């Protein structure tokens, strides 16, 4: 068995928009994702999250499942438009009451709450004012953050300001595959800066409150590896990792954007805001970073892909794909990401904020959901977390994505990441085999001896 340190914690994660439903109940405002889902062609199958998992009405039962898993920590996000429908000003008491009930239920089960302030469901009212492209949003976000600290600060052990700012900036504003669906690379750079500035201001507001918990940020990096040994492909992969990884780590931990990437963008006529005043705020020290890791990507040089001049190739080897054809599995990438954050950026505390995979799950004749492929994936990735811990990386915990099958954004309900099966017609929950396996890992605080069924797949 591979034992973890005695103070290592285990948990599961959910996201407000992806599980709650109740999209217009009890005074909740419209979010950019509510609006995005209404536009034909944006979501696979025309799905919406109006009901999702109906967690808003069923959270007590869902949190009983969380308690049965034996986790130490439960990570969830607050819906900004549920608690502040206009994005600024008026607080919605019904929204605050809902999250207070979630926190109180967790406390009753002896589970520590970890809260994400922003996991992508921006109030549409703020998008109508420019959203993350409006420089004023860093102050709007800081005010929202301070309001949440005032409401819940005594009970929340860890706060994550923004989850995966790269996805918000690049996927939503350059590629346009997430809400609000904008395709403008300059906009994505502006949004990335405003997200980082908002994060820095929110950290500052937390420090001013002198609360007993910790505050950090959630960063993702799906490792870029060169598609070949050619110098051009090697440089393209380095460029992708620099832009998607260092672009966010460097301002937070060094107070500057990576110089080579800045030159690359400016040489192509793009604007980079690196004012000393903003960088000082972004550089405000954090207590931890939540690292989210899912897959590897194979990157090739492609001068036709402006401005990064790189593209992703779909290269699949044995065992490198999941049943939904999404993740190219490379568990060693988990170790690489942790050690990169540790050695290059000297992150004070690291936790794995998200890790999981979609599987084409179904309820068997015996009533169970036998997701051995997910168990294989989790085993291999947790094994790499243990490897990093054993080599001195300051990893304090692991959070699995996700508790429930849920609304997977542009994929709708076609991708099941949960360790609990959700029938989206009846909303019945069924614990999958992976949930029992994970509960065993938590109870033992160790990986059991295990032989993967994926060998030679």
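Rule-based calculations on the coordinates, nothing more; no lab input. The model shown is predicted, which means the values in this text are computed figures rather than measured ones. Ideal geometry is used to build each Cβ from the backbone, glycine not excepted, and the neighbour counts take in all protein chains shown.
Quick notes on this one:
- The orientation-averaged projection of the convex hull spanning the C-alpha atoms of segment 185-314 amounts to 8.6 square nanometres.
- Quotient of Cα Rg and 2.2 N^0.38 Å for segment 52-91, N being how many residues it contains: 1.52
- Highest-first arrangement of 392-399, 253-260, where packing means the average Cβ count within 10 Å: 392-399, 253-260
- Base-10 log of normalised Debye intensity for the chain (one unit scatterer per alpha-carbon) at q = 0.09, 0.11 Å⁻¹: -0.55, -0.86
- Separation of alpha-carbon centers, segment 76-94 and segment 26-40, rounded to whole Å: 14
- Mean Cβ neighbour count within 10 Å, used as a protection proxy, ranking 242-248, 198-204, 52-58, 150-156 highest first: 198-204, 242-248, 52-58, 150-156
- Reported value for segment 151-211: 80 Å³ per residue, from the convex hull of its C-alpha atoms.
- Ranked by the mean number of other Cβ atoms within 10 Å per residue, highest first, peptides 433-442, 34-43 order as 433-442, 34-43.
- As an equivalent ellipsoid, segment 356-457 spans semi-axes of 26, 16, 13 angstrom, where each value is the square root of five times an eigenvalue of the C-alpha gyration tensor, largest first.
- Looking at segment 166-311, the DSSP beta bridges with both ends there are about 20 percent antiparallel.
- Pairwise Cα separations in segment 1-146 fall into 10 Å bins from 0 onward with the following percentages, short to long: 11, 38, 31, 16, 4, 0.
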